[in-house]
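Everything on this sheet refers to the single structure shown next.
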């Protein structure tokens, strides 16, 4: 599984990161707090 990640997923993440299209959200913590962080990122994308 790690080999597949290194070969397929990591390059894809780098592709989007380099173009400013990858937005990371910390998924640790209470569900409500994570949802708020996710909604904040989505709000910035919607303008």
From the list 25, 41, pick out the single residue that is touching a residue at least 12 places away in the same chain (Cβ under 8 Å) and not in a helix (DSSP H, G or I).
-> 25
Filter result for the condition that a residue is at pLDDT below 95 and out of contact with any strand residue (DSSP E or B) (no Cβ under 6 Å at 6 or more places or on another chain), over 30, 18, 8 | 8
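The values are calculated or read from the model by the stated rules, or taken from the named source; none is laboratory data. Note that this is a predicted model, so its numbers are computed, not measured. Note: ideal-geometry Cβ built from the backbone for every residue, glycine included; neighbour counts use all protein chains shown.
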